[in-house]
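The values are calculated or read from the model by the stated rules, or taken from the named source; none is laboratory data. All values derive from a computational prediction rather than experimental measurement. Neighbour counts run over all protein chains shown; Cβ positions are idealised from the backbone, glycine included. Note: areas computed on protein heavy atoms with side chains; ligands, DNA, RNA excluded. Shrake-Rupley method; radii C 1.70, N 1.55, O 1.52, S 1.80 Å.
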Amino acid sequence: MVKNIKAIFFDIGGTLVTKANLPQRDLGVIAQMVALLGEKCTPLELHNRILAGDTAYKNWRSHTFIELSPEDRWTRFLLADLPAERVKPHASQLQMLWSESRGVKTIPASTADTLKELDNRGYLLGTISHTSPKHLAAAGVLPLFKTIVHAAEFGVRKPHPAPFLEAARRSGVLPEECAYVGDRPSRDVIGAREAGFGMVIQLSTANAIPEEEPCPMQPDVVVAHFSDLLELFPPLPKAT
């Protein structure tokens, strides 16, 4: 089933990282953002302003496939009503707190164990994701990923094939020698297919959020558990 695969790339949010979203954003975390900015408004008022800007940003990026850096995202969209010089120095922390207010992101132990085993089996591992790779550090798996293409740094979003092609280029492998594992067909399957990846795998767990956007392409394999990847990728022959 391997089809001469040498490198395996992963989506992060929803694939490597499990999201436990809250019913509503945590206003206690938003209060930290109010203090950071030195604003006089209530946490709910700041929440509503950011949410309106975030909605505008998501509409814009869905048409352009451009992913802005935190600095540009917060000054141009999420808090465009504030002077840029007040927002820009805190953009990374604001982004972290805004994400934290939505809920907890964790990496299951079985996912970490599977990644370590794939690394032991000789595969080059990498990520192509809209979610920050910082979320991988707590589980101790970040060093396993030799190639990281983060949309906010690269500047282009999935499903555009550019991030996938860049990941293959950085890794020194051909696209057809790459596999991609993701949970959102409209982003992950389309992007990997258009980049010419040799294998496209969809993770579809029992509690996965249903895909709202139509996807005209199909993955090669659908797995219900992350550990099922070990059945698809046996150990690579050791170089002699």
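Output the qualifying pairs, or none if there are none: Cβ atoms under 6 angstrom, residues six or more apart or on different chains, first residue in the stretch 85-105 and farther than 18 Å from THR18 by Cα and at pLDDT 95 or above, second residue surrounded by 16 or more Cβ atoms within 10 Å (Cβ to Cβ) and of a type in the set (S, T, N, Q).
Final answer for the pair search is VAL87/THR75; LYS88/THR75.
Just give me the residues in the stretch 212-237 being touching a helix residue (DSSP H, G or I) at 6+ places or on another chain (Cβ under 8 Å) and open to solvent by less than 40 Å² (accessible area, probe 1.4 Å), in sequence order.
Listed by number, the residues that qualify are CYS215, PRO219, VAL221, VAL223, PHE226, LEU229, PHE233.
Those residues that are open to solvent by 30 Å² or more (accessible area, probe 1.4 Å) and either in contact with a strand residue (DSSP E or B) (Cβ under 7 Å, 6 or more places away or on another chain) or under 24 Å from TRP60 (Cα atoms) (or both), I need them from the stretch 133-160; list them, please.
HIS135, LYS146, ILE148, GLU153, PHE154, VAL156, HIS160
Mind listing just one residue for me: the one in the stretch 26-53 that is surrounded by 16 or more Cβ atoms within 10 Å (Cβ to Cβ) and acidic (Asp, Glu) and, of those, nearest to MET96 (Cα to Cα)?
The selected residue is ASP26.
I'd like the residue in the stretch 104-121 that is of a type in the set (Lys, Arg) and outside any strand (DSSP E or B) and, out of all such residues, is most open to solvent (accessible area, probe 1.4 Å).
LYS116
For the stretch 175-188, name all the residues that are in contact (Cβ under 8 Å) with a residue 24 or more places away in the chain and either over 24 Å from ALA112 (Cα atoms) or open to solvent by less than 30 Å² (accessible area, probe 1.4 Å) (or both).
GLU176, GLU177, CYS178, ALA179, TYR180, VAL181, GLY182, PRO185, SER186, ASP188
Answer yes if at least one residue in the stretch 124-143 is in contact with a Gly (Cβ under 8 Å, 6 or more places away or on another chain) and farther than 27 Å from SER186 by Cα, and no otherwise.
Scanning the stretch 124-143 turns up no residue that is in contact with a Gly (Cβ under 8 Å, 6 or more places away or on another chain) and farther than 27 Å from SER186 by Cα.
All but one of (1) open to solvent by 20 Å² or more (accessible area, probe 1.4 Å); (2) among the hydrophobic types (A, V, I, L, M, F, W, C); (3) under 16 Å from the mean Cα position of the chain (by Cα) hold for LEU124; state the number of the condition that does not hold.
For LEU124, the exception is condition (3).
Quick test of your reading of the structure: GLN95 fulfils all but one of (1) under 20 Å from CYS41 (Cα atoms); (2) more than 15 Å from the chain's Cα centre (by Cα). Name the failing condition by number.
(2)
Answer yes or no: is there a residue in the stretch 108-130 that is under 21 Å from ARG25 (Cα atoms) and not aliphatic (A, V, I, L, M).
Yes, because at least one residue in the stretch 108-130 is under 21 Å from ARG25 (Cα atoms) and not aliphatic (A, V, I, L, M).
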